Amino acid sequence: MSYILTTQCADDVGLIAKITGLCHKNNLNITRNNEFVDKDAQRFFMRTELTGEPQSDFLDQLRALLPQGAKLALHCGAKTKVVLLATKEAHCLGGMLLKQFEQTLNIEVLAVIANYADLEPLAKGFGVPFHVVSHEGLTRSEHDKKVGDLIASYNPDIIGLAKYMRILSPEFVGRFEGKIINIHHSFLPAFIGAKPYHQAFERGVKIIGATAHFVNNELDEGPIILQDVTSVTHANTAEMMAKMGKDVEKTVFCKALQLASEHKLFINGNKTVVFS
């Protein structure tokens with residue numbers, strides 16, 4: 001059996017030796033290992049790929065060796081379960097559904113939830129359940145409660161906002177803390193808000209980009225996971241930039257969910273640790 005062990009805790013002397021030593025004691029073979037210490041925050045992060053069969057109390061054994069409050073998880077080869085939220089734009093949703101169809105990601109898209117019905121044919125074309133939860137006549141909190149209850153019924157590991165054009169309530173964010181990944185249509189923190197490509201065009205930018213980040217209660221200011229850019233010139237119109245930007249958004253969004261599915265992401269305050 002193959003496993004991925006993720007560890008994060010306060011930094012201390014000999015942590016790697018303690019973890020690898022216990023793996024050896026459990027007859028586990030380490031096939032790959034990544035570690036990082038945030039010296040400012042004094043936090044230790046480690047991702048370890050293992051083969052073998054750990055004892056049933058392996059994590060309890062490990063927790064006893066590490067600083068108090070250590071966050072540990074042992075992941076088997078099961079696919080990461082994802083629910084995608086969408087509105088009307090198809091590119092990020094379509095990119096993820098195609099990746100699942102091609103079986104290029106360790107992800108199972110359980111369902112798509114949208115506040116409009118426009119993308120239902122796309123989801124159903126890939127055999128994925130599609131739910132419409134209209135926001136009409138509801139407050140933001142009421143709508144988020146209905147969407148949140150539907151998400152909870154699927155019990156996903158990750159919630160992907162595939163161009164879900166709704167501002168989430170603090171209650172919703174708190175309910176799924178650390179599980180929500182958003183794609184933003186610019187190279188944050190620039191051009192936040194409406195019509196970002198028109199803003200970029202007016203400023204005569206030479207690159208445009210996209211940012212995937214975890215969601216918190218600060219609009220588009222959650223811990224950044226991944227960013228990418230593409231070059232533009234004076235000859236590109238705002239409409240051309242928007243088309244080019246969609247390709248970057250789709251790529252960054254899919255890569256961010258891939259990193260999550262491979263358990264390579266750690267939230268570190270308002271930043272992230274991302275292992276390659």
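The values are calculated or read from the model by the stated rules, or taken from the named source; none is laboratory data. Given the structure is predicted, the values throughout are model-derived calculations rather than measurements. Positions of Cβ are generated from backbone atoms using ideal geometry, with glycine treated the same way; all protein chains shown enter the neighbour counts. We work out accessible area using only protein heavy atoms, side chains counted, and drop any ligands, DNA or RNA first. Shrake-Rupley method; radii C 1.70, N 1.55, O 1.52, S 1.80 Å.
Label zone (Lys195, point 7 Å along Cα-to-C-beta; backbone nitrogen cut-off 16 Å) within segment 211-244: 237-243. What pairs from Lys79/Lys124; Lys145/Lys255; Lys99/Lys264 go past 23 Å between their alpha carbons? Result: Lys145/Lys255 exceed 23 Å. For the pair Lys79 and Lys25, label points projected 7 Å from Cα toward Cβ lie 3.7 nm apart. A straight Cα-to-Cα reach below 18 Å connects Lys146 with the aspartates and glutamates Glu136, Glu171, Glu177, residues fewer than 8 places away in its own chain not being considered.
By DSSP, the beta bridges lying fully in the chain are antiparallel in about 70 percent of cases. Taking a straight line from the alpha carbon of Lys243, these lysines sit under 17 Å away, with near neighbours fewer than eight places off in the same chain left out: Lys88, Lys163, Lys195, Lys206. Is segment 127-208 best put as rounded, prolate or oblate by its Cα gyration tensor, with a ≥ b ≥ c the root eigenvalues, rounded for a/c under 1.5, and otherwise prolate when a/b is larger than b/c, oblate when not? Note, shape of segment 127-208 comes out prolate. Taking a sphere under 13 Å around the Cβ of Ile107 and counting the other residues whose Cβ falls inside, with K and R at +1 and D and E at -1, yields a net charge of 0. A simple spin-label model places the labels of Tyr154 and Glu102 2.1 nm from each other, with each point 7 Å out along Cα-to-Cβ. Give the accessible surface of the chain per residue, rounded to a whole number of Å², with probe radius 1.4 Å and ligands, DNA and RNA excluded. Per-residue accessible area for the chain comes out at 50 Å².
Quick one: net charge of Met165's neighbours, Cβ under 11 Å, K/R +1, D/E -1? Numbers along the way, then the final one.
Numbers: positive: Lys88, Lys163, Arg166; negative: Glu89.
Charge balance near Met165 sits at +2.
All other residues with a Cβ under 14 Å from the Cβ of Ala73 taken together, and with Lys, Arg as +1 and Asp, Glu as -1, what is their net charge? Working shown, then result.
Working: positive: Arg47, Arg63, Lys71, Lys179, Lys264; negative: Glu49, Asp60, Asp157, Glu262.
Here the charged neighbours net out to +1.
Taking every alpha-carbon pair under 8 Å whose residues sit at least 6 apart, the chain reaches a relative contact order of 15 percent.
Kirkwood hydrodynamic radius of segment 1-88, from the reciprocal of the average inverse Cα-Cα distance over all distinct pairs: 14.1 Å. On segment 4-122, 51 percent of the accessible area sits on carbon and sulfur atoms, based on a 1.4 Å probe.
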